[in-house]
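The block underneath contains the structure these notes are about, expressed in structure tokens.
Read-outs throughout are calculated quantities, based only on the coordinates presented, and are distinct from any laboratory measurement. Note that the coordinates shown come from a computational prediction; the quantities given were computed from them, not determined experimentally. Cβ: placed from backbone, ideal geometry, glycine included. Neighbour counts: every protein chain shown.
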Amino acid sequence: MATIAQPTRTTRSRPRRTGGGSGKGRSEDRVKLILYWLAAFLTVIVFVVPLLWFLMRSLQPGAVIAAPPDASSFFDLSTDNFRGLRAQGDMFRAVGNSIIVALGTCVLTTLLATMAGYGFGRFKFRGSGIAFGLILVTLMIPFQAILTPLFIQLSAMRLTDSLLGLVLFYSTVNLAFGTFVMRTAFMSVPDGLEEAARLDGSGTIGTFFHVLFPLVMPGMATTALFAFLAAWTEFLGALTFLTRQDLFTLPVALVNLQQGTYGQLDFGLLAAGSVTAMIPCVILFIALQRYYVAGLSAGSLKG
Amino acid sequence: MTLSDTTATTVARTRAATERHIPGRRKRRPLGDEGTLTHPSSHGLLLVLPAALFVCVFVLAPLVFALYISLTNWPLIGSYKFIGLDNYATIGRDPAFWQAVLYTLIYTAIVTLPILVLGYLMAVVVRANRPGSTLLRTVFFLPYVIGLSTLSFLMVLEAQPNSGAVNLLLKALHITDGTTAWLVNGPLATGLICALIIWAVSGSTMVLLLSGMQSIPREVYESAQVDGSSWMAREWHITIPMLRRPISMSLILSVIGSFLAFSQFFIMTGGGPGRDTTPIVLYIYQRAFVQLQVGAATAASVILIVVVAAISAVQFWLLRAED
């Protein structure tokens, strides 16, 4: 068993390791490096290959996906599925709906969170603690659990079967996180910088645009990215709040596709639709990883 | 588990719980309700108001409304009346409810530990800055970013008998003959879904643990190395104890995520065969929007809210107690 053994002190300059000989430390490093490359290799197999496989699936005709693999047809790749998707009015509209909802959520969340972050981060006012606590509550209440009342309420407000309704809902879901990120961003701006602008006569809004904006921009990018990805991939809310087919977002339209609502289930279309849902996430994440990681590490455990 | 929501939640929860413990971080300016000449309090209030309004309308109102509905025989159309705790009694007598609760617990029990272990191993692999480790971090996290609903659709294809990748792989390894119809068999579907989830969400645990690991001072390891302890011993006696907080955090978050699981079940099995793969959120969804029993569904929701809030409270308490 690996316990911390009392090392035998010798005259060697290199401290001995349990049961080891001289140079063990270096050879352990080598072992570690080999293990690392082994892990990297395994990772590629376990994490990258499936994604590439999915990509390939989207380029295979539906009949090939559904049949046992046959060397003669398996690699007949074409973009026919994506063309089919383009021709399928409902699916094509669903992609558009998803883009509208994701962009709308992204903009609204960032706007609300930036304002709130500015307020909480740089102003003192009565009730600021309560207001912040209020927004914090969103984190404790999973929206999955208030789906029924939310549905009834939204339909009373005529916000079901509405992309606007979905945007408002998604923005609220993302608001707590965004507000946290933005509050930290505003709090980390040195007081002196802002005061200088204030003394030059800038008001609250002017100071934001002239001085604070470039400093809190990374926080805004983080908020926007999280909101976009959340709205793009969200499923349960869209499934519940949308019943009109022409308003479906991509994940909900894919359910229809899967259940054969648009006619015979075509595996090729399902694969291509799923890959269409997947690609923006992958591209955005890789391109803006810096901001994503910033968001995560902003919440990391520094205590 | 709704993915992105959970990531965001992870971060903000972590932060909410940690922030107040960081000495000297909080009080940037003297506390006081009064604004200053350059920072009038009315401006602060105005800036915060829209966000607070959204939270009131779309979270707090439905929350209160949930309690109210759960005490009525709410129909989607028409009048309703108060029926006290009848909905709760109905739910309590419904074997399907208990089946869903049990299933959710089993599912949670299956995935929680593997997610932690896999996430931990991933973090160990990428924590040192070796060539390619940034790329590996990205790769580990990719499935999480793509989201469970998209991955579930793709898994439906790959779970098909004879043609899906899962079967092709198992056949190639001579484990099965490749004809398994995964999604129409309760235990098999559960196994496949669990495997998918473990694969997809371990990356988020990795991220949580990684930032914890990187904050452990290097000297601690160096002195242990000098003492001649093995790698395993160092992990066991140094890393894990120092990561108590991120570990309990990621455990709690993954438990909450599992309690709220929906998409993967809805998409891959629809809860079937029968009710064999119906977790609690899917049960609530079906009760409300398929059977149109809004009152009963909401009663189940209220129970879920209480459970999740209790877990969150434990989490906040844990994080506070640690400091």
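For the residues of A:234-247, the average number of beta carbons from a partner chain within 10 Å of their own beta carbon is 3.
The per residue volume of the convex hull around the alpha-carbon atoms of the stretch A:192-267 is 133 Å³. Calculation over all alpha carbon pairs of chain B in 20 angstrom steps from 0 returns a P(r) of 24, 50, 24, 2 percent. Cα centroid separation, the stretch B:197-221 to the stretch A:49-69: 34 Å. When every Cα-Cα distance of the protein assembly as shown is counted in 20 angstrom steps from zero, the calculated P(r) takes the values 18, 49, 28, 4, 0 percent.
Convex hull over the alpha-carbon atoms of the stretch A:43-155: what's its volume per residue in Å³?
230
For peptide A:68-74, the mean count of partner chain Cβ atoms within 10 Å of a residue's Cβ comes to 2.
Within 10 Å of the Cβ of each residue in A:169-179, the mean number of Cβ atoms contributed by other protein chains is 6.
The mean sequence separation of alpha-carbon pairs under 8 Å and at least six residues apart, normalised by the residue count of chain A, gives a relative contact order of 27 percent. Scoring B:140-147, A:169-176 by mean Cβ neighbours within 10 Å over their residues and listing the highest first yields A:169-176, B:140-147. Comparing B:Ala100, B:Ala51, B:Ala296 in a Gaussian network model of chain B (Cα springs below 10 Å), the most mobile by mean-square fluctuation is B:Ala51.
The alpha carbon radius of gyration of chain A, expressed as a multiple of 2.2 N^0.38 Å, is 1.37. Specify the inter-centroid distance of the stretch A:169-214 and the stretch A:98-163, based on alpha-carbon positions, in whole Å. Cα centroid of the stretch A:169-214 versus Cα centroid of the stretch A:98-163: 19 Å apart.
Pairs of Cα atoms nearer than 8 Å and 6+ residues apart set the relative contact order; for chain B it is 29 percent. Candidate membrane-span-like segments in chain A, meaning DSSP H helices with Cα atoms spread over at least 18 Å of their own axis and a Kyte-Doolittle mean of 1.6 or above, are A:128-140, A:267-287, with no membrane implied. Binning all Cα-Cα separations of the stretch B:50-171 at 5 Å, short to long from zero, yields these whole-percent fractions: 2, 8, 8, 9, 12, 13, 13, 12, 9, 7, 5, 2, 1, 0.
Note on the stretch B:45-96 and the stretch B:97-132: Cα centroid distance 33 Å, given to the nearest whole angstrom. Packing here is the average count of other Cβ atoms within 10 Å per residue, and on that basis the peptides B:126-135, A:275-284, highest first, run A:275-284, B:126-135.
Sorting A:240-247, A:218-225, A:134-141 by average packing, meaning the other beta carbons within 10 Å per residue, from highest down gives A:218-225, A:134-141, A:240-247. Simple point charges give the picture: +1 on the Cβ of Lys and Arg, -1 on the Cβ of Asp and Glu, and for chain B a dipole about the Cα centre of about 580 debye. Within the shell of other residues whose beta carbon sits under 15 angstrom from the beta carbon of A:Pro50, the net charge comes to 0, with Lys and Arg scored +1 and Asp and Glu -1.
What residues have an amide H closer than 5 Å to that of B:Thr72, excluding those fewer than 5 places away on the same chain, when H is modeled at 1.01 Å from N in the peptide plane? Excluding prolines and chain starts, which carry no amide H, the hits are B:Ile83. A full extension of the chain between B:Trp236 and B:Asn162 corresponds to an added length of 22.2 nm, given 0.36 nm per residue minus the alpha carbon distance.
Our analysis of the stretch A:24-74 gives Rg over Rh at 1.35, with the two radii drawn from alpha carbon positions and Rh computed by the Kirkwood formula.
Within chain B, the whole DSSP H helices whose Cα atoms reach 24 Å or more along their own axis and whose mean Kyte-Doolittle score is at least 1.6 are B:95-127, B:294-322. Using Cα-Cα distances under 8 Å and only pairs 6 or more residues apart, what relative contact order does the stretch B:179-323 have, in percent? RCO, the stretch B:179-323: 24 percent. Of all the options B:Leu63, B:Leu105, B:Leu282, the one that moves most in a Gaussian network model of chain B with Cα springs shorter than 10 angstrom is B:Leu63.
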